[in-house]
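All remarks here apply to the structure that follows.
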Amino acid sequence: MQRFVAPAVLAVAVVLGGCQASTPTAPAPVHGYVTDMKAFDAFIATHPTPDQFRAAYPDVQLVLPGTVTTLEFRMNNSRYYPELDKDGRITGGRFS
């Protein structure tokens, strides 16, 4: 019986170690306005939630439906108007 304990513990450690490596990590926040459009488009392609968007791009104003904003025109990619799917995930959008 004791000779099966060590292999069983080793097997459990390998399985748990594999699970830990497969957990997704949140992307590092991008401070400032969007300048790397390729990285931004790749992020939007993951269909993030509004909360995930705010965590990834904290300095970009996310204008959701029903949000009141000012009318000034911005050319620095600092305000994003998303297109949402039925689950509220961002599927595309535009800067203004």
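The values are calculated or read from the model by the stated rules, or taken from the named source; none is laboratory data. Computed from a prediction, not measured in an experiment: that's the story for all the values here. Because the Cβ atoms are built from the backbone with ideal geometry, glycine has one as well, and the counts that use them run over all protein chains shown.
Annotations for the structure displayed:
- Residues located in the range 50-87, provided they are of a type outside the set (A, V, I, L, M), modelled with pLDDT under 95 and over 19 Å from Val30 (Cβ atoms): Pro65, Gly66, Thr67, Thr69, Thr70, Glu72, Phe73
- Residue that is surrounded by the most Cβ atoms within 10 Å (Cβ to Cβ) [pool: residues in the range 57-89 that are in contact with a Phe, Trp or Tyr (Cβ under 6 Å, 6 or more places away or on another chain) and not in a loop (DSSP other than H, G, I, E, B)]: Tyr80
- Residues (farther than 24 Å from Asp87 by Cβ and either in contact (Cβ under 8 Å) with a residue 24 or more places away in the chain or over 17 Å from the mean Cα position of the chain (by Cα) (or both)) located in the range 38-67: Asp59
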